[in-house]
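Asks: Structure provided below as structure tokens; questions to follow.
The values are calculated or read from the model by the stated rules, or taken from the named source; none is laboratory data. Being a predicted model, the structure only gives us computed values, none of them experimental. Here Cβ is always computed from backbone atoms with ideal geometry, including for glycine, and neighbour counts include all displayed protein chains. All accessible areas refer to the heavy atoms of the entire protein, side chains included, with ligands and DNA or RNA removed. Shrake-Rupley method; radii C 1.70, N 1.55, O 1.52, S 1.80 Å.
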Amino acid sequence: MPSAPERRAAASGPPPTTHRNTTTHRNTRHTEQIMNMFKQFGDMAKMVQAAPGLIDQANALAAQSEAYRAQMDAQAVHAMTAQPAPGNLEPIAGVDLDRYARIVKGIAAYGYDEAKLPVVAGTFGVDPSAWAEAQAGWGARIQADRGVGRRFNELYAAV
């Protein structure tokens, strides 16, 4: 005859199982993999649909960049070959462009201290009021006329 603990164990039924259903687990994982694959296909389809628009944008940016480069090249060529407008090389307050370039470069001896420009101008025989007029006038011409600016740069580099 079975003992009391054995009888109680038999009456309560078989012991619970601790293993899991591996077939169900495998099927769930396989289903998840298939779903992820379909999601990836959907993402690729969206990317393919967006590609023509992205390509058009890239082509438009490339065209804008080329137009800008061509414009900059044309401006550079113009700056290197520009001729001064008639009358724009006439002296201002008795100071021609050559003397102006020499005076402006002359402040190098003073550490490029612009306050020394009237002193340097004086060494070239230009009084302070004539220098003030010449400085303003040549600065404006150089800014407004690329040909004058080009010529000034050539003279400045040569002195």
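Asks: What number comes out for accessible area per residue over segment 19-140 if the probe is 1.4 Å? Units Å², please. Please list the in-between numbers first.
Replies: Details: 8800 Å² over 122 residues.
Each residue of segment 19-140 exposes 72 Å² on average to a 1.4 Å probe.
Asks: Can you list, bin by bin at 5 Å, the percent of alpha carbon pairs in segment 83-153, starting at 0?
Replies: P(r) over segment 83-153, rounded to whole percents: 3, 18, 29, 24, 16, 7, 1, 0.
Asks: Which net charge results when you count Lys and Arg as +1 and Asp and Glu as -1 among the other residues whose beta-carbon is under 13 Å from that of residue 145?
Replies: Neighbour charge sum, excluding residue 145 itself: +3.
Asks: For the ranges 89-101, 109-121, what's the packing order if you count other beta-carbon atoms within 10 Å of each residue, average per peptide, and put the highest first?
Replies: 89-101, 109-121
Asks: To the nearest 0.05, how large is the calculated FRET efficiency for residue 108 and residue 70 if R₀ is 41 Å and r is the Cβ-Cβ distance?
Replies: 0.65
Asks: Turning to a different aspect of this structure: Each residue of segment 88-99 in order: what ³J(HN,Hα) in whole Hz does its phi give by Karplus 6.51 cos²θ - 1.76 cosθ + 1.60, θ = phi - 60°, with x for Gly and Pro?
Replies: Values, residue by residue: 7, 9, 5, x, 10, 6, x, 10, 7, 5, 4, 5 Hz.
Asks: So how much slack lies between residue 51 and residue 29, counting 0.36 nm per residue of separation and subtracting their Cα-Cα distance, in nm?
Replies: Here the segment from residue 51 to residue 29 would lengthen by 4.6 nm.
Asks: Short version: what are the Cα gyration tensor semi-axes of segment 24-157, square root of 5 times each eigenvalue, largest first, in whole Å?
Replies: Details: eigenvalues 942, 79, 19 Å².
Each semi-axis is the square root of five times an eigenvalue, giving 69, 20, 10 Å.
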